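Worksheet: the structure to be examined is printed underneath.
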Amino acid sequence: MDIVVAPDAMAACREAAARIAAYMRGTPEPVLGLATGRTMEAIYHVLVGMHRNGLSFARCRSFNLDEYYPIAPDDPRSYHAYMRERLFRHVDIAPERTRVPDGAAPDPERECRAYEDAIRAAGGIGLQLLGIGLTGHIGFNEPPSDFATRTRLVELDETTRRQNAEMFDDRWQDVPRRALTMGVGTILDARRLLMVATGAAKARIVRDALDGPVTPMVSASALRQHPACTVILDEEAAGLLRSGG
Ligand code: GLP
């Protein structure tokens with residue numbers, strides 16, 4: 001695992017965006033695994049700027065990690081809306097080449113199987129972008145999540161619903177109790193992983209994930225079993241690491 005510590009959050013996000021752009025430029029048919037959350041907003045902002053300076057997304061396909069369930073794709077609080085507003089509508093990627101789990105699917109298990117099939121049909125994910133939740137989740141893989149799990153319907157922890165309440169007028173009880181998420185096994189199948197965490201609030205869980213035991217109780221610790229994983233932190237998020245990053 002390669003750990004990069006940037007001086008601040010913006011520098012961490014610029015570094016992440018530069019690596020995503022390098023992957024896109026160096027790959028004939030890039031397949032991006034995309035993430036949501038506040039950390040990712042600056043990364044998408046930088047990528048949109050790069051697009052305006054010539055970076056094309058036309059050859060890309062994308063698969064997002066997760067979506068609330070149930071939620072309509074046109075609900076402004078959905079991850080469909082997040083992706084549309086922060087990235088897709090600003091770049092040259094055709095909507096049919098982007099995919100986010102369907103939070104309105106009448107049969108969630110079928111949707112999860114179809115999602116796995118679609119990733120496989122695209123040749124697998126080349127670069128998967130990841131954040132980390134305060135419970136150590138990647139995607140919405142709350143503890144405990146077996147490292148072999150595939151895309152599935154999960155229950156969200158109260159901690160996560162509270163962490164994500166901002167989009168729901170700060171009413172955590174309004175955050176859906178469930179979500180569709182790629183499994184830890186789905187994530188580990190990506191050829192390269194890029195996790196980004198910034199800010200002091202993440203320091204403890206970053207330390208647990210990178211310095212603690214590799215355990216299904218901290219989903220992000222699974223990344224240490226991946227042969228090509230880079231973690232980009234700012235100094236605050238790296239603050240409790242044994243190695244100092
Ligand atoms: C949500 C997403 C995760 C993301 C996490 C971190 O829970 N499902 O994929 O890593 O948020 O969010 P933030 O960047 O807002 O801290």
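Largest GNM mean-square fluctuation across 140, 57, 168, computed for the chain with C-alpha springs under 10 Å, falls on 168. Between residue 21 and residue 58, the contour length at 0.36 nm per residue exceeds the Cα-Cα span by 12.0 nm. Rounded to the nearest 5, what % of DSSP beta bridges with both residues in the range 2-234 are antiparallel? Bridges in the range 2-234 that DSSP calls antiparallel: roughly 25 percent.
Quick one: go through the range 149-170 and flag any residue whose amide nitrogen is under 17 Å from the point 7 Å out along the Cα-to-Cβ line of residue 41. Only 162-170 pass the distance filter.
Once Rh is set to the Kirkwood radius over Cα pairs, what Stokes-Einstein translational diffusion coefficient, in µm²/s, holds for the range 26-91 at a temperature of 25 °C and a viscosity of 0.890 mPa s?
After rounding, the answer is 193 µm²/s.
How big is the Rg/Rh ratio for the chain, C-alpha atoms only, Rh by Kirkwood, two decimals? Computed over Cα atoms, the ratio is 0.93. Quote the FRET efficiency, to the nearest 0.05, computed for residue 122 versus residue 85 with a Förster distance R0 of 35 Å and r equal to the Cβ-Cβ distance. Between residue 122 and residue 85 the formula returns 0.90. Put 214, 48 in order of accessible area, highest first, and with a 1.4 Å probe you get 214, 48. Mind giving me the nanometre distance, one decimal, between the label points for residue 107 and residue 224, set 7 Å out from Cα along Cα→Cβ? Placing both labels 7 Å along Cα→Cβ, they lie 4.1 nm apart.
Apply 1/(1 + (r/R0)^6) to the Cβ-Cβ distance of residue 11 and residue 168, taking R0 = 25 Å, and write down the FRET efficiency to the nearest 0.05. Rounded to the nearest 0.05, the efficiency is 0.25.
Sequence-distant contacts, meaning Cα pairs under 8 Å at least 6 residues apart, place the relative contact order of the chain at 26 percent. Heavy-atom accessible area, probed at 1.4 angstrom with all protein chains present, ranks 221, 243 as 243, 221, highest first. When 236, 67, 15 are compared by accessible surface with a 1.4 Å probe, the order from highest to lowest is 236, 15, 67.
Residue ranges 89-96, 204-211, 187-194 sort as 187-194, 204-211, 89-96 when ordered by packing (mean number of other C-beta atoms within 10 Å per residue, highest first).
Once the C-beta distance of residue 159 and residue 97 is scaled by a Förster radius of 41 Å, the resulting FRET efficiency is 0.75 to the nearest 0.05.
The values are calculated or read from the model by the stated rules, or taken from the named source; none is laboratory data. These figures come from a predicted structure and were not determined experimentally. Please note: Cβ atoms are built from the backbone with ideal geometry, for glycine as well, and neighbour counts cover all protein chains shown. All accessible areas refer to the heavy atoms of the entire protein, side chains included, with ligands and DNA or RNA removed. Shrake-Rupley method; radii C 1.70, N 1.55, O 1.52, S 1.80 Å.
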